[in-house]
Each structure stands twice: as C-alpha cells, then as structure tokens.
Ligand code: GLY
C-alpha cells in the first residue's frame, strides 16, 4: 500500500518518468539528450547493468547516427565526469590540427577565405571523440564498448525517422553536401527529394564502421583502415590530414577548472575550452550582485549578466587558446580579478568594453598540460554517484560535409574554430588572436562547457549546451537559475536566454523577453538583436526531494528519461 502511495506521489510530483522512455520507482539513473532515440539508448545501457558513463557513451554513439549533423565519431568532444568515488575527471577529445597545418592556411591573397575553413578537406581536424569514448569505457564504464557500438550500428542499419531539425539542416546545407559525392549519396539521394520530418534515413556504411570498431578495436580508427582511407582521400582532394596524424592523436586527461559560487562548487572544462574558464569567471563577476532580488527576467538581471559576459568574452578573444601552445592565464579564474573587473559594471547603462583585461600574473601563472546552434550536449547520472556532462561536436551542420567513401563517417570542420587571422571573425563571429592562431597539432579553442555543480562534494547538477559561443551563456544561465532562483532543471532550461560575446557589440535576446524589458535595455544602450530562440541545453539535477531528475531543452525535440 505504501508503495502505491509513493507511486502516486511520484507520479504527481513528476518524479516518475511518464514519457514511456522508462519508468519505475527505483531511480537507477537519468539521461537527457537532444534526440529521444539517443536518450533511449542511454536508458538501455543503464537497464543492461551499465553506469552513467556507459549511458553517456551509448548516447554519444547513437547521436552520431540520429543527430549526425551535430556530432559523431568524425568530430570531437569534451567529457566532464564525477565518479562514484568522488574523483572528477575531464577528458579532452578535441580535434587537433594536422601536422602540415600552417598559420595562414586559410588566407588567399592575404584575406581569410571562410569557405575553405568550413567545408571540404582543409576544414578537417583529427577527430578525438572515439578516443575519448574508448578511454572512458575502458577506465570508468562497466559494459563492453562493442555492445554499445553494436546497439548504435543497429539503429544506423535499421534507419530512423528524421526530426524537424534534421530536415531543416538538410535543406540549409544541401548545396554544400552536394559537392561531396559520398555525402550526397547518403544525405541527399538516400532520402526523398524534398526531405521532411518523418522520412527514414539508413546509414549502412556507418553501421559497418561501428562494427569494424567493435571487432578490431580503436586501432581500426586511428592506426588502421579508417586512418589510411582518410589519408588517401585527403591526398587526392587537397587536404593536409594524413594517416600519421591519426596515429599520433592523443586524448588528453586534463585537470578540471574549479570555482565557487554562493557556497557551491563549479567544476568545468579547462582550456582548450574557453567554456569552463568563462562560466566561472562570469559567476565570479556576478557574485557581488543580488540577482535574486532582481528577478530572472528583469531588465536589471539581463543588463548585469550581459555586462559580465562582455568583459569575459573580451578576455576570451585575447587570452584563450590551446594551453599546450599558448600561455593561458589562470588568473582569469581569480575572485580578486573578477572583483576588479566588476567595478566597471554600471547599473544604469551599457558599458563600452574596448579591450581585454589583464589577469594577475598573466605571463607566469598559466594553464599547462601537466596540471548559431550546432554541437550537442548530453548529461547522465546514476544512483551510485557517477555523473557525466559531455558536449560533442562536428562544429557546424554536417561538419566539413565530407564523408570518406565507404565509411559513412562525417568529418568535422573544427579548423574553423581557430583564429584564421587576428581580429577576423570565424563562423560564429568570434574574434581571436595569437593564442588561438593555427599551428600544427594544436587544438582549436572551443566554447563547449560540460559543467558539474557540487554542494559539499556531492553533485547537484550536470549541464552544458550547444550553439558555439552561446554555449557559455546558456550554461551560465542554467546555473544562475538553479542556484540563485532555486529552479528545477526543467524551469532553468525553459528560462529566457540572452547572449553577448563582446564582438560584435550585440545583445541577442529571445523574443519571449517582455517588451518593457526590451525597451529598458535599449534605453541603457544595449544594441539588441531579437531571436526566435537561442541554443539547446540539457541537464540532469535534483528535484526538491533530492531525487535525480533530467530535462531536455524545450526549444528542441530532445527528451529526458529516468529508470
Ligand atoms: N564548435 C563549437 C565549439 O567548440 O565551441
């Protein structure tokens, strides 16, 4: 009887999954992704005895099939893990530039030619997602990787009904995909003429590649057939990636960046992501303001957070890059530095930020190895205390648009995340300098921010987002809404979003922001750009009773489910 009462209570309070993706009184774990088939794959991993790490790997491999325009094993990822024994691990599977990459490889007649950094052979960096998944599986998972690869291969073989977003992306990239015969065969000829939501996409070659990995192990990708095939294709298509680049790829286990905010611990991804550094820096900048009193959709709240974003993004443009190649100051994370910068924030008007700040000991205290809506984020957690935040990406839609024949694997275009020329914006309008200039084997700067929030050493939130530099703003806003306003993951994800990245001087706001607030922001001097919607974030956190609960961004067609 008491079980029946608790069942009813759980159902009424929304703690029992009701979307058919999994239900039961015992919460083994939660999964949140942008695509219900991938969420289901994560749940299946939990059901068959896996932990949150296995669930995250299942999600990643399945997203590569059903959401392949955003992420896949031809791209990279960052994974932040909090393990049941309390350790926090950050795995850097970011792409690297090929050994033959040069600083001016995207310049033609002295000018950046964006087309070649975004589409085709030169856009491709050496992918790191597969190395990361294999490492995470070996070290922290419980299920054999081959089981998860086979499950995803079956989805690729069987095919799946594309969703609205997939259909839209096919339309917007059709002309570029058409330039690459193998990609055209899969993504254009493999679907009806005018593809729409519900049409079925099968990917037999991708299934074959997953099975080759299951049978031959990770060497098939980095040292075997796949690396060789990519090298051969690159040679005849003007690329610079070689099989040797694949053989020398290294996933790097890095020290997470850590900060505190109102008594909570924030653990996030270090450089070459700018995400963790700037989420923490912005939280530091905001700690002295009473955000709760402002209200989470007020002009004061949007104004103050925007001012903090501008200061942080100015620093990003100057200081951030791959820490193995450029000195990235640790001082960016210091509370004293944030306190100094915060003095520039005025409540009555938008400031003009002309240049980056100068963090303390910028030249000597640096990170080192020893210590537009693309991309995808997923979060998982289990009852044992394993929590994962993982953001994965090919960069822009369908990455470089290149599929090397017979492999079914889309290759990324993350070379565009480098600063091709100082001060010249990349696809996302981001500018950068020397710290993010192209160099052989260097990793391009990222904004991906897979973040965990802990209280007294125990995780309470796993969060991250997709969407280039807006990833930082979205992740930040979910954290603020959770910690300052006590919102549930679902409420925090639904809250109004806004983003400012210093350059261009534009404050992007969602159209649901009140008209009065928009007017007030304009009065304070913010140049506004009103967007239909901004970004795609996913989160797993705790409900009011301290039980695991996940949420997918209501702006998309994703799902969250628990078991
Ligand atoms: N490609 C998006 C990022 O890594 O920031």
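The figures follow:
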read-out: Antiparallel content of DSSP bridges confined to the chain, in %, to 5; value: 90 percent
read-out: Kirkwood Rh and Cα Rg combined as Rg/Rh, the stretch 208-286; value: 1.25
read-out: Sum of -39500 (n - 2.57) over DSSP H runs of 4+, divided by residues of the chain (222 nm, nearest 500); value: -10500 deg cm²/dmol
read-out: Anisotropy class of the stretch 430-554 from Cα gyration tensor, a/c 1.5 cut; value: oblate
read-out: Simple label model, 7 Å out from Cα along Cβ direction - residue 142 to residue 529, nm; value: 4.6 nm
read-out: D_trans [Stokes-Einstein, Kirkwood Rh over alpha-carbon pairs] for the stretch 366-493, 20 °C, 1.002 mPa s, µm² s⁻¹; value: 128 µm²/s
read-out: Inter-site label distance for residue 290 and residue 427 at 7 Å from Cα along Cβ, in nm; value: 4.5 nm
read-out: Part-to-part distance (alpha-carbon centres) for the stretch 178-245 and the stretch 283-339, which is given in Å; value: 40 Å
read-out: Cα convex hull volume per residue for the stretch 516-563 (Å³); value: 119 Å³
read-out: For the stretch 276-334, the fraction of alpha-carbon pairs in successive 5 Å shells from zero, as %; value: 4, 18, 26, 20, 13, 9, 6, 3, 1
read-out: Rounded FRET efficiency, nearest 0.05, which uses the C-beta distance separating residue 185 from residue 229 and R0 of 22 Å; value: 0.90
read-out: Rule-of-thumb Rg ratio for the stretch 36-110 [Cα; 2.2 N^0.38 Å; N residues]; value: 1.52
read-out: Alpha-carbon spread of the stretch 162-207, three principal axes, descending order, Å; value: 25, 23, 15
read-out: For the stretch 266-412, the fraction of alpha-carbon pairs in successive 10 Å shells from zero, as %; value: 10, 30, 30, 22, 7, 1
read-out: Normalised per residue, the volume of the convex hull around the Cα set of the stretch 147-250 (Å³); value: 121 Å³
read-out: When the convex hull of its Cα atoms is projected in every direction, mean area for the stretch 60-214 (nm²); value: 11.4 nm²
read-out: Kirkwood hydrodynamic radius of the stretch 230-270, from inverse mean 1/r over distinct Cα pairs, in Å; value: 13.6 Å
read-out: By average C-beta atoms within 10 angstrom, highest first, the peptides 221-234, 531-544; value: 531-544, 221-234
read-out: Cβ-Cβ FRET estimate between residue 363 and residue 103, R0 fixed at 22 Å, reported to 0.05; value: 0.50
read-out: Two-site label geometry, residue 351 and residue 194: point separation in nm, points 7 Å out along Cα→Cβ; value: 5.2 nm
read-out: Spread of Cα-to-Cα distances over 5 Å intervals beginning at zero, given as percent, for the stretch 398-458; value: 4, 15, 18, 15, 15, 11, 9, 8, 3, 1, 0
read-out: Of all DSSP beta bridges in the stretch 450-554, antiparallel share, percent nearest 5; value: 80 percent
read-out: Percentage of interatomic Cα-Cα distances in the chain larger than 44 Å; value: 11 percent
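Bear in mind these aren't lab numbers, they're just calculated from the coordinates by the rules spelled out. Owing to the predicted nature of the structure, the values given are computational and were not obtained by experimental measurement. We place every Cβ from the backbone using ideal geometry, glycine too, and count neighbours over all the protein chains shown.
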